[in-house]
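Down below is the structure, laid out as structure tokens.
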């Protein structure tokens, strides 16, 4: 069973820097064969 990491954005626009940060985390989780899944 995968562990879920949830991210919620309630601001007016999704910032590019945050999008890049999340993309980096997704790549890290995939490479590390982690049982975590990131949900945005």
Of all residues making up segment 1-26, the number that are under 9 Å from the mean Cα position of the chain (by Cα) and assigned to a helix (DSSP H, G or I): 7
Flag if residue 38 is in contact with a helix residue (DSSP H, G or I) (Cβ under 7 Å, 6 or more places away or on another chain), surrounded by 11 or more Cβ atoms within 10 Å (Cβ to Cβ) and in a strand (DSSP E or B): yes
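Computed from the coordinates by the stated procedures, all read-outs in this text should not be read as laboratory data. Keep in mind that this is a model prediction, so the values were computed, not measured. All Cβ positions, even for glycine, are placed from backbone atoms using ideal geometry, and neighbour counts span all protein chains on display.
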